[in-house]
Structures are given as C-alpha cells and as structure tokens.
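Novice: Can you keep this structure in mind? I'll have questions shortly.
The values are calculated or read from the model by the stated rules, or taken from the named source; none is laboratory data. As the structure is a computational prediction, the values presented were derived from the model and not from experiment. Quick reminder, even Gly has a Cβ in these numbers, built from the backbone with ideal geometry, and neighbours come from all protein chains shown. What goes into the accessible areas is simple: the full protein's heavy atoms, side chains included, and nothing from ligands, DNA or RNA. Shrake-Rupley method; radii C 1.70, N 1.55, O 1.52, S 1.80 Å.
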Amino acid sequence: VQLQASGGGLVQAGGSLRLSCAASGTMFSITTMGWYRQAPGKQRELVATITSVGSTNYADSVKGRFTISRDNAKNTMYLQMNSLKPEDTAVYYCRMWRTLAYDFWGQGTQVTVSS
C-alpha cells in the first residue's frame, strides 16, 4: 500500500486549502483513514479520522474549520481546511490503519499559514 498526500502550500491566515490522500491497493474502502500533523519541535498529533462508513472525529483545535471526507470509488481521502490559522502550520500526514493488522503512512505535505 502506498499513500500519496498532496495539496499543501502557503496560504494567508483566514484562507483555505484542500489536502488529498490517494491510496493504492484494495483495502481503502474497508479501512479507517486519518490525517495527522506535526509542527516543528512538536509531536505528531491527530487532526481527524474517518471510518469506512463515514463516521468522523476531529481534534478540538480544528472542529468547525476542517472537514474530512473520502471517495471510496477513487481511493482518495480529503481534508478541507477553512479559516486557517498560523498555528495550523505543520507537515500533514495521511494514515491508513487497522489495529493489530496494518498501519501505513503517507510522506507528508507541508502547510504553511502566514499571519
């Protein structure tokens, strides 16, 4: 399985970005997916997750601003990020996992929010 994250970039505070994570293989539609991020000098943290049936979960810091979604027909997960803040600056990673079975990470995409 390979995960390819894309869509990062430089945006001003208050702006929007849409991240994509394209997955290879046949497990995408039956697997929980998630977005994580890691800012310089900080630990990697959960941003949002989405189950195979579309149930979502968000970190408190992004609730109401970010929306996670998936298109199983395209093997792709998305993260719509609105009202971006400088503290959202980080490398964003996508993850595909099933507990005690497998755990795959993408290579990361840089998001930089200027004030």
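Novice: Among the residues of the range 66-87, how many are assigned to a loop (DSSP other than H, G, I, E, B), within 17 Å of G14 (Cβ to Cβ) and open to solvent by 30 Å² or more (accessible area, probe 1.4 Å)?
Specialist: To start, the set of residues in the range 66-87 that are assigned to a loop (DSSP other than H, G, I, E, B) comprises 72-75, 82-85.
From what's left, within 17 Å of G14 (Cβ to Cβ): 82-85.
Subsequent filtering for residues that are open to solvent by 30 Å² or more (accessible area, probe 1.4 Å) retains 82-83, 85.
Summing the residues that are assigned to a loop (DSSP other than H, G, I, E, B), within 17 Å of G14 (Cβ to Cβ) and open to solvent by 30 Å² or more (accessible area, probe 1.4 Å) in the range 66-87 gives 3.
Novice: Failed condition for G15, given (1) open to solvent by 30 Å² or more (accessible area, probe 1.4 Å); (2) assigned to a loop (DSSP other than H, G, I, E, B), with all others met?
Specialist: (1)
Novice: Scan the range 29-69 for residues that are charged (D, E, K, R) and farther than 23 Å from L100 by Cα and report the count. Quick ask: steps written out before the conclusion?
Specialist: Narrowing the range 29-69 to residues charged (D, E, K, R): 37, 42, 44-45, 60, 63, 65.
Among the residues that remain, those that are also farther than 23 Å from L100 by Cα are: 42, 60, 63, 65.
Number satisfying all stated conditions: 4.
Novice: Are any residues in the range 18-47 hydroxyl-bearing (S, T, Y) and either open to solvent by 20 Å² or more (accessible area, probe 1.4 Å) or touching a helix residue (DSSP H, G or I) at 6+ places or on another chain (Cβ under 7 Å) (or both), and if so, which ones? Full working, then the answer.
Specialist: Residues of the range 18-47 that are hydroxyl-bearing (S, T, Y), as a first pass: 20, 24, 26, 29, 31-32, 36.
Result: S20, S24, T26, S29, T32, Y36.
Novice: Can you tell me which residue is nearest to Q107 (Cα to Cα) among those in the range 25-39 that are part of a loop (DSSP other than H, G, I, E, B) and touching a residue at least 24 places away in the same chain (Cβ under 8 Å)? So that I can check it myself, show each step before the final result.
Specialist: Kept after step one, since they are part of a loop (DSSP other than H, G, I, E, B), are these residues of the range 25-39: 25-27, 31, 39.
If we keep only those that are touching a residue at least 24 places away in the same chain (Cβ under 8 Å) as well, we get 25, 27, 31, 39.
Working: G25: 17, M27: 19, T31: 19, A39: 15 Å.
Result: A39.
Novice: Answer with yes or no whether T51 is farther than 21 Å from S114 by Cα, touching a strand residue (DSSP E or B) at 6+ places or on another chain (Cβ under 7 Å) and in contact (Cβ under 8 Å) with a residue 60 or more places away in the chain.
Specialist: Details: farther than 21 Å from S114 by Cα: yes; touching a strand residue (DSSP E or B) at 6+ places or on another chain (Cβ under 7 Å): yes; in contact (Cβ under 8 Å) with a residue 60 or more places away in the chain: no.
Answer is no for this residue.
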